[in-house]
Amino acid sequence: MRLISIGSSSQAQIVLHSQYVSSYHAEIFQLDNGDMLLVDKGSRNGTFVNGVQITPEKEVTVTRNDAIRFADQNLNWSMIPALSIPDKENIKVLKSIGSHYLNNIHLQGNQISRFHATVKQTKDGKWYICDHSSNGTTVNGVRIPKDQYVQIKSKDVIQCAGVTIQNPVTGGGSGSLKSIILGLCACVAVALVAWGIAALASDSWQTKIYKTYSQSTVVLETGYYLKTDIEYAGTNRWVINDKGELEPYNGKNPMKSWATGFFISDNGMLVTNLHVVKPWEFGDLKDLNEAIKKDVLDVARKLSIAVAANDIKAEGAIAYILAVPNGQIFDSANATKMRVVTYSEKKDVDLAILQTMTAQLPFGATFIPVSNISNENLPVGTDIFTMGFPHLSALQDVQAFERFQEKPLQATGASGIITMNNDKYNYTFDAASYHGASGSPIFDKKGNLIGVVAHGIASSQGYNGGVKAKYITRLIQSTQE
């Protein structure tokens, strides 16, 4: 299989130079059997096949006879290379390997590419493997060349990005019952694609939601400090160090917090919590005013400056907010700078909207359409699913790059039910959550966005809360007034 990305970003494989084409507009899958599937990736101005707009995130079978348009740009089919299968008449078995559900051999793993590799058996009984991935395929610990078939034998150990797969040579001959069953399954899968029936039918609803929207989630890192404005003494900036002591902010030692967010538009708009962009107004930080006043007064006395306590006002300030998309290494190279667009004035409506500084999605990221936001008030017992980045340092091992290991972020999913709904602004639910999951999207079984994780009792799992999604709609509307 081959994946071809299309968009206005310079990182797309087919770059379309138009202000109306989204940065990551669409994808074309070239299947090993010669079929092609087109997917609109939630673009701003749509993808059209023979003049009809296709549904975002839904595969559509296309041929080279179809007229395809991305926003205002027509596809030049000469830009799509024909997928030829060398020595096709000599191939007995051909199977694709990867994390995408269309593969014959479906693998899960942080570094598994969607279409990672292909194995084939020729009519003389020999088996070969070809790597197409970013993170490599190894045979007996040696990385094989990309896009080049390499023969494999029965005792070979084969790994795709570190994940061991069953050696097809020893997996049963073409006449074995196992091989026949696998062949029938592959035929059924191809038939389902050809008929346009969703191949995700066998997946749970939670798995479908995760596969559809996990690439919309990001880790947010907020750097911030506190400042005091004192008449006749100017502005002073402060942070709390690792020892819990106040010290001057020098531009390089901000306090930091981590949370989750999720994109809701192609122009990089993102939803998270109010306490992510104004952390100093929540928890222990809101009680620091008195401590700062005391510290400032002590400094003033040493400098023989007369300062009244009532003149000291401590406020918070953002140094930066960075977003690292799901599937990326947590480091500065993959971080996208964010700005605050708006936030709720009420702490009970713990919501904020950010936007990338470039007003574009990071490459490869997707978004949850605004049309999926539910304004319903759901009852106790409603099934829900959420995904985000709780226990960031423990579960994600975000400092792994310092030890020369590559471990991309992987959003953590959790399911449960709504357990309380007696509050105007919030639901209570029992899906597992923890620090770092704040700002995670909450879905119902239909894939509707019904809330945003906002708070919980850290010492006791199963007692967590989320802001109702209708307040996202209201916040978005406030930006358009």
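The values are calculated or read from the model by the stated rules, or taken from the named source; none is laboratory data. On a predicted model such as this, the values are computed, not experimentally measured, just so you know. Neighbour counts run over all protein chains shown; Cβ positions are idealised from the backbone, glycine included. Note: accessible area is taken over every heavy atom of the protein model, side chains too, but ligands, DNA and RNA are not part of it. Shrake-Rupley method; radii C 1.70, N 1.55, O 1.52, S 1.80 Å.
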State, to one decimal in nm, how far the label point of HIS391 lies from the label point of ALA82, with both points 7 Å from Cα in the Cβ direction.
5.4 nm
So how far apart, in nm, are the two label points at THR170 and THR61 if each is 7 Å from Cα heading toward Cβ?
3.8 nm
Taking a crude spin-label model, label points 7 Å out from Cα along the C-beta direction, the HIS106 to ASN267 distance in nm is 3.7 nm
Can you work out ³J(HN,Hα) from phi for every residue in the stretch 335-351, in order, using Karplus 6.51 cos²θ - 1.76 cosθ + 1.60 and θ = phi - 60°, giving whole Hz and x for Gly and Pro?
8, 10, 6, 10, 10, 7, 8, 6, 7, 6, 7, 9, 5, 5, 9, 7, 9
For GLU89 and MET357, compute 0.36 nm times the residue count separating them, minus their Cα-Cα distance, and round to one decimal in nm.
91.2 nm
For the stretch 218-225, 3J(HN,Hα) per residue [Karplus equation, 6.51 cos²θ - 1.76 cosθ + 1.60, θ = phi - 60°, Hz, x = Gly/Pro]:
9, 8, 10, 10, 10, x, 8, 8
Grab the Cα-Cα distance for TYR320 and ASP348, subtract it from 0.36 nm times how many residues apart they are, and report the gain in nm with one decimal.
7.6 nm
Put MET420, MET338 in order of accessible area, largest first, probe 1.4 Å, and you get MET420, MET338
If R0 = 51 Å, then LEU3 and LYS252, at their Cβ-Cβ distance, give a FRET efficiency to the nearest 0.05 of 0.80
If amide H atoms are modeled at 1.01 Å from N in the peptide plane, then the residues at a separation of 5 or more from THR342, or on another chain, having amide H under 5 Å from its own are ILE353
Using 29 Å as the Cα-Cα cut-off, could you pick out the over-long pairs in LYS278/LYS470; LYS211/LYS468; LYS58/LYS470; LYS243/LYS346?
LYS243/LYS346
Full extension between VAL150 and GLN11 adds, at 0.36 nm per residue less the Cα distance, a length in nm of 47.1 nm
